[in-house]
1. Would you tally the residues in segment 169-198 being more than 16 Å from G216 (Cβ to Cβ), within 32 Å of the chain's Cα centre (by Cα) and at pLDDT 80 or above?
2. With the checklist (1) surrounded by 15 or more Cβ atoms within 10 Å (Cβ to Cβ); (2) in contact with a Gly (Cβ under 7 Å, 6 or more places away or on another chain); (3) not polar (S, T, N, Q) in hand, flag the one item A267 doesn't pass.
3. Which one is modelled with the highest pLDDT, of the residues in segment 199-226 that are part of a strand (DSSP E or B) and surrounded by fewer than 16 Cβ atoms within 10 Å (Cβ to Cβ)?
4. Before we move on, is A377 assigned to a helix (DSSP H, G or I), among the hydrophobic types (A, V, I, L, M, F, W, C) and more than 25 Å from R121 (Cα to Cα)?
5. Please go through segment 318-327 and pick out each residue that is within 24 Å of A410 (Cβ to Cβ) and within 16 Å of the chain's Cα centre (by Cα).
6. Please go through segment 145-163 and give me each residue that is assigned to a strand (DSSP E or B) and more than 18 Å from Y134 (Cα to Cα), ordered by number.
7. Looking at R324, R291, can you tell me which residue is farther than 15 Å from L418 by Cα, in contact with an Asp or Glu (Cβ under 6 Å, 6 or more places away or on another chain) and not in a loop (DSSP other than H, G, I, E, B)?
8. Since F402 meets every condition but one in (1) more than 30 Å from Q294 (Cβ to Cβ); (2) out of contact with any Gly (no Cβ under 6 Å at 6 or more places or on another chain), which condition does it not meet?
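The values are calculated or read from the model by the stated rules, or taken from the named source; none is laboratory data. Everything numeric here is computed off the predicted structure, so don't read it as measured data. All Cβ positions, glycine included, derive from the backbone under ideal geometry; neighbour counts span all protein chains shown.
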Amino acid sequence: MRRSSGWSRGLPALLLIVVALAATAACTEEGLTGVDGQEPPGQAADAVSVSLPVDQLPIWRDTTYTGFAAIGDSPFLLTADQPPLQSRSLFRIDNVPDSIGGQAVDSTGDMYLRVVADTARSVFSGDSATLELYSLSRDFVADEATWEQASEGTPWDSAGGDLADRLADLRFRFGAAADTASSDTLRVPFRGDPDSLITAWADSGGVPPLALLTRGEGNRMVIRQVAIELDARNADMDSVERIVAASSASTFIHDPDLPPAGQDLRAGGLPSSRFYFAFRPPDSIDGVPIRGAQVNRAELVFHPVADPGSPFRPPVILSALPTRLLADPFVYGARTPIGDPVSAPNTQSGIVALDPDSLAAGRPLTIRVTDLVQSWASAPADSIDQFAVGLRPIPDGQDLGFWDFGSVEAAEGMRPELRILITPPTDFTLP
């Protein structure tokens, strides 16, 4: 976690007031609309557009917080052989039913591992790939396991998990594999008689645990679900019943580790990161009052830093929600409570899109804060100390990928900016 330095200072003596501001490309919305301001404000409803870096605001603080969702909490698993990324999915099967219709299972038939892939986020190189399922000789703790350790303080004998027996495998190509039940589902047959494995799971609560691997360089599979399918019958039944047992205590481990955010503002990744900021608008800019003005549009602009590249560039557009924070996020203590979404253009939900292609091209992320700045402009002096806002992925932990943005500590030109288009009070005259 990083805390940036805060800013609390007066405004510079002179700021350039831009009469017509060109539309600025952004991830989710158009930039400020230019308005002809040849006549002095107060004689007509002319608008003035200004842009200033946040270090020139009376108050600005920003930071990244990490850990809102761990890998074990994510709604997906990941297996990959996609240099530099290596990843394996770990899970247990501890709930195989031992009875059918109130009668004990007498015999079992074929057993399969059912794998449901998220094909939109998966990447496959070449004509085919191979899934391999192994038992693990060492148990793991889902929220502590990493590429190097099975649990906190307990390293693997071999990095990436202590693989024991190969239990199942399948060479496949989506849409062409004989064992493909649908366009995104694979059924991987177990080798040999599954009875001893099922008995071990039942007696030990899912031990030995399992590890699922992808073989074939360039392949990366995002998995929505894994489960066991088993054909079974009891002594009093002539027909075979299909038993399905979902996985439990699932997680995935990967190498390399997620790089730290450092001084940047981060959204996304696993563990999941959000960035928070607090600000106060100025009372006036270069003699033009904001107090009492009509705020036509106000937005905060965040500049993307370099493309994180493989394997941490998001494969799809990520969703994020700018949200009011109901307490000071820079005070240590209980988790900051979250309020209503901050308004966003052309949406009712307020959700903004983090488009990796747009961000890689250098187009900034803009967060509309018109309502906040208008409430400041309309309020009595000293009645509002600051506004606090957080940008959080929706949902947290939706992907291993992330994007970083310049903070107040970034180099000039990469710091966030506040852009405002205002119509000054009608009784205002140029100084």
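1. Here the count works out to 3.
2. A267 satisfies every listed condition except (2).
3. Once the filter is applied, the top-ranked residue is R224.
4. Details: assigned to a helix (DSSP H, G or I): yes; among the hydrophobic types (A, V, I, L, M, F, W, C): yes; more than 25 Å from R121 (Cα to Cα): yes.
Yes, satisfied.
5. Kept after step one, since they are within 24 Å of A410 (Cβ to Cβ), are these residues of segment 318-327: 318, 320-323, 325.
Across segment 318-327, the qualifying residues are L318, A320, L321, P322, T323.
6. Of the residues in segment 145-163, the ones assigned to a strand (DSSP E or B) are 149-151, 154-155, 163.
Correct list: S151, T154, P155.
7. R324
8. So F402 meets the others, but not (2).
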